[in-house]
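Contents: one structure, followed by commentary.
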Amino acid sequence: FMKIAFIGQKGIPAKNGGVERYVESLATKLINLGQTVFVYNRVDYLPNRISNFKGVNIINKRYIPGKNIANITHTFLSVLDVLKRDVDVIHFQGIGPSLLCWLPKLLKPKIKIVGTLHSFDYGNNKWGGFAKFMLRNGEKLMCRYADEVIVLTVFMRDYIKTKYNRDAIVVPNGADLYEDTASDKIAAWDLKKGEYILSVSRIIKLKGLQYLIAAYKNLATDKKLVITGDGEYLEELKKIAGTDSRIIFTGNQNNETLDQLYANAYLFVQSSEMEGLSIALLEAMAHKVPCLVSDISANMEAIKDCGYTFKVNNLSDLKNNLKSLLDNPNDLIIKADLAHDRAKEFYSWSNIAKEILEIYRK
């Protein structure tokens, strides 16, 4: 067996966030494959600190609070700790933490470094100029020092090859197939199967939820709009929603409740302006839900011809697509089946974990 450490995530079990979902799914699958896994959590990520999650060793480390320094200080203390643990592989998550991927190469050259490029974080306007500069440097250092670079899409692979002349391996995010028909957990919001439109994401401006809510408010429909997740943009979205009682904010959900929210939705909408490869979209496909997504490259690569698209940030196109899909429910069933088949063939976490384990072994 191998000893593998994950560094750069806030922690697991995931509350929200694609990186945390990725690490939780991959780490637990690697445990099932007989490996020893360490995941570094921020000390206050969970209400109560834990040392083990489904066989994964959880190591809680401190950090300096602050938007620009929390991640890098937690990464630094995690790297110092992992060098004492005799691991085989350190798997860095994202370009921010990869600013320090050279450090273990310097201090313990035998340890292999793997980096996953989750997204082009410097495209997020929440970061100032200096932070964007550092994130670009993190991307550069990952491509220079990591023994292997994993990317989520063909678009990312081509970008890395063009910009850094570095070969990267495409291994997408994954999702677990789900075919249960239970709905007891969603009764808390008075939701019934096929009677609501769903969006699941971190609630930040880049997710485009402001366009989804504005488009939905102009539709004459009894179907509700359910927004699942939490984040700094939540209060602004609630202002946009106003007094429309059809719009429901559930906060973060996980486990069976989240499964049921997906599985019973009439339609899943992913309205992002930027994504690496949306785990929420893959999970919707795996739950056999028809999907309407913005036409950014990551979404188009994921959905192919198994769903519906609208022009990113285009309110009228989104509204017209929503209206058409509400008026033609029979069309959606075929797309839901196609999406489920595509998730099964290309985005199975069990297969993805085996593929990444082979990368570690190589």
**Message:** Looking at 46, 33 in this structure, which one is open to solvent by 10 Å² or more (accessible area, probe 1.4 Å) and at pLDDT below 95?
**Reply:** 46
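Are any of the residues in the range 197-205 surrounded by fewer than 15 Cβ atoms within 10 Å (Cβ to Cβ) and either over 25 Å from residue 346 (Cβ atoms) or touching a residue at least 24 places away in the same chain (Cβ under 8 Å) (or both)?
Going through the range 197-205, the residues surrounded by fewer than 15 Cβ atoms within 10 Å (Cβ to Cβ) turn out to be none.
No, there is no match, as no residue in the range 197-205 is surrounded by fewer than 15 Cβ atoms within 10 Å (Cβ to Cβ) and either over 25 Å from residue 346 (Cβ atoms) or touching a residue at least 24 places away in the same chain (Cβ under 8 Å) (or both).
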**Qualifying helices (runs of 4 or more DSSP H) (wholly inside the range 296-356; at least 2 residues being open to solvent by 50 Å² or more (accessible area, probe 1.4 Å) and more than 30 Å from residue 24 (Cα to Cα))** = 315-327, 329-346
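Could you check the range 49-71 and list, in sequence order, the residues that are more than 26 Å from residue 3 (Cβ to Cβ) and either assigned to a loop (DSSP other than H, G, I, E, B) or open to solvent by 80 Å² or more (accessible area, probe 1.4 Å) (or both)? Before the answer, list the steps.
Going through the range 49-71, the residues more than 26 Å from residue 3 (Cβ to Cβ) turn out to be 64-70.
Across the range 49-71, the qualifying residues are 64, 65, 66, 67, 68, 69.
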**Prompt:** Of (1) open to solvent by 50 Å² or more (accessible area, probe 1.4 Å); (2) closer than 30 Å to residue 28 by Cα; (3) out of contact with any His (no Cβ under 9 Å at 6 or more places or on another chain), residue 288 satisfies all except one. Which?
**Reply:** (3)
**Prompt:** Residue check, residue 116 against (1) within 21 Å of the chain's Cα centre (by Cα); (2) assigned to a loop (DSSP other than H, G, I, E, B); (3) hydroxyl-bearing (Ser, Thr, Tyr), all met but one. Which one?
**Reply:** (2)
**Request:** Please identify the pairs in which a residue from the range 117-128 that is open to solvent by 30 Å² or more (accessible area, probe 1.4 Å) has its Cβ atom under 7 Å from the Cβ atom of a residue that is not in a loop (DSSP other than H, G, I, E, B), counting only partners at least 6 apart or on another chain.
**Result:** 121/135; 127/135
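The values are calculated or read from the model by the stated rules, or taken from the named source; none is laboratory data. What you are looking at is a predicted structure, and each value in this text was computed from that prediction instead of being measured. Note: ideal-geometry Cβ built from the backbone for every residue, glycine included; neighbour counts use all protein chains shown. Heads up: the accessible areas ignore ligands, DNA and RNA and are worked out on the full protein's heavy atoms, side chains in. Shrake-Rupley method; radii C 1.70, N 1.55, O 1.52, S 1.80 Å.
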